[in-house]
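Novice: This is the structure I want to talk about, given as structure tokens.
The values are calculated or read from the model by the stated rules, or taken from the named source; none is laboratory data. On a predicted model such as this, the values are computed, not experimentally measured, just so you know. All Cβ positions, glycine included, derive from the backbone under ideal geometry; neighbour counts span all protein chains shown. In case anyone asks, the SASA skips ligands and DNA or RNA and just uses the protein heavy atoms, side chains included. Shrake-Rupley method; radii C 1.70, N 1.55, O 1.52, S 1.80 Å.
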Amino acid sequence: MTPRARDEHVQPGSAGIDGSAGLYVHIPFCLTRCGYCDFNTYAGLEHLAGAYLEGLTLESDLAAPEWRDHTFVSVFFGGGTPTMLPSERLGDLLGSLRRRFSFDPAAEITVEANPDTVDGRALAGLLASGVGRLSLGVQSFDPAVLVSLERVHSPQSARTAFAAARSAGFQNVNLDLIYGANGETLESWRRTVEEAVALEPDHLSCYALTVEPSTRLGRKVAAGMVPPPDPDLQADMYHVACDLLGAAGYEHYEISNWATPGRRCLHNMGYWQGRPYLGLGAGAHSHRDGRRWWNVRPPRQYLDLLDGGELPIGGEERLSDAERATERLLLGLRVADGIPAQWLPDGRATPFVEDGLAERRGDRLALTDRGMLVANELVLAFAAGIGGVEPPGP
Ligand code: SF4
């Protein structure tokens, strides 16, 4: 639903710690294709839904023996728009996964939804099947910004969907927001964040719009029809989010994520902490024991491989020790808990602490709000100082 929210964009770290794992299930159907989206998702492919659900079951059967020694502490149905499928089908799918994999009894189970694809009945059905967390792709409460993003829902349908989720009994609801669309002003973004806060969600993800060359937006920007996002304005927008959400009591626990106490997203925390994960579905990524692999992206090819009794793997890679070390730094520094200070040579972080970009918290080093804004650059600067240091382990 939102750039950077999907595991195909989040790079994993080192192997997990205690036999726990995350499960990602990709549903590649959408009502329409938003102009900025580069996810593996398709409009007009719903006729494949039945076969696709069968494919997920086949893939689960093939993958399950390799994951027998893992307990899944989180399940994330992402896409695409999982709620394009009837809630009964999603419930059946969840039941089928439960029969094939070992789930922690308290597993966090999230479904992403577009506001226009849920109503009270569907939401009650999801809750009854064990889904406890809903992530709504709201993006903005400014109608002009939604048009600019080519979103099909309205601010009112987002409010209605949120109210329906609460009425149905969801106690853990995330709102996804995007800032930096063409035409969005700082004031408009401020009103969006204020309106989001007024709804009192449990979790908010605020992403800076990025322009991917392969998208419709990317082509318009390349042709000079639309200006690219202004990085200075996006930085100001980020700080508005930090200020308003901090004042409202949300913990800024990751660059783009804020939560009320106890409501951090366990599934995404797993990516940042290096917990192994299995991705099921077209284009889904997996990671375990230093190896990562991904499925073929076209749903038809995904299904054909499974019909032939094969896992639909499209590629794989292993990271070198140096790459793993850099990645562990990047992932660790994304989150507010930071990294053990000993991962860096003495004094390496001092200039950044003095500049207010990082701070020491006990024996850990973490980025400040300002530092998180330039996390990638900081990690490169830190990584330049860890030559010869053992890559941080599990
Ligand atoms: S709804 Fe989300 S996944 Fe679907 S096209 Fe739009 S941004 Fe992409």
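Novice: Subtracting the Cα-Cα distance from 0.36 nm times the residue separation, let me have the gained length for ASP236 to LEU45 in nm, one decimal.
Specialist: Between ASP236 and LEU45, full extension yields 64.9 nm more.
Novice: Another question, if that's okay. With a 10 Å radius around each residue's Cβ, average the other Cβ atoms per peptide and rank 331-341, 347-357, highest first.
Specialist: Result, highest mean first: 331-341, 347-357.
Novice: Could you work out the relative contact order of the chain, using alpha carbon pairs under 8 angstrom and six or more residues apart, expressed as a whole percent?
Specialist: Computed value for the chain: 19 percent relative contact order.
Novice: Something else: In whole percent, and with a 1.4 Å probe on the protein chains, what portion of the accessible area of the range 20-272 is carbon and sulfur?
Specialist: Roughly 55 percent, rounded to a whole number.
Novice: Radius of gyration and Dmax for the range 263-394's Cα atoms, expressed in Å?
Specialist: 18.0, 59
Novice: Find the Cα radius of gyration of the range 36-81, compare it with 2.2 N^0.38 Å by division, and give the number to two decimals.
Specialist: On the way: Rg = 13.7 Å, N = 46, 2.2 N^0.38 = 9.4 Å.
Rounded to two decimals, the normalised Rg is 1.46.
Novice: Another question, then. If the chain between GLU88 and ALA247 were fully stretched, how many nm would it gain, using 0.36 nm times the residue separation less the Cα-Cα distance?
Specialist: Full extension from GLU88 to ALA247 adds 53.3 nm.
Novice: Kirkwood hydrodynamic radius, the range 321-383, all distinct C-alpha pairs: what's the number in Å?
Specialist: The answer is 11.3 Å.
Novice: Then there is this: Taking all protein chains as present, what is the carbon and sulfur share of the accessible area of the range 321-383, in % to the nearest whole number, probe 1.4 Å?
Specialist: 48 percent
Novice: Which percentage, to the nearest 5, of the DSSP beta bridges contained in the chain is antiparallel?
Specialist: On the way: 23 of 58 bridges.
The antiparallel proportion sits near 40 percent.
Novice: Find how much the distance from ASP69 to ASP355 grows on full extension, using 0.36 nm per residue of separation minus their present alpha carbon separation; answer in nm with one decimal.
Specialist: 98.4 nm
Novice: Amide H to amide H, which residues 5 or more places from VAL75 or on other chains are under 5 Å from it, using H placed in the peptide plane?
Specialist: Result for VAL75 returns LEU23, GLU108, ILE109, THR110.
Novice: Can you tell me what the convex hull of the Cα atoms of the range 20-272 projects to on average, as an area in nm²? Intermediate results must be reported in sequence, preceding the final value.
Specialist: Working: hull surface 53.5 nm².
Here the figure is 13.4 nm², rounded to one decimal.
Novice: Could you give log10 I(q)/I(0) at q = 0.10, 0.18, 0.21, 0.22 Å⁻¹ for the range 167-285, computed by the Debye formula over C-alpha point scatterers of equal weight, without solvent?
Specialist: Computed log10 I(q)/I(0) values: -0.39, -1.04, -1.16, -1.19.
Novice: When the Karplus curve 6.51 cos²θ - 1.76 cosθ + 1.60 is applied with θ = phi - 60°, which whole-Hz ³J(HN,Hα) does each residue of the range 100-107 get, with x for Gly and Pro?
Specialist: 9, 10, 8, 9, 5, x, 9, 4
Novice: Need one number: nm distance between label points at ARG190 and LEU62, each 7 Å from Cα along Cα→Cβ, rounded to one decimal.
Specialist: Those two pseudo-labels are separated by 5.4 nm.
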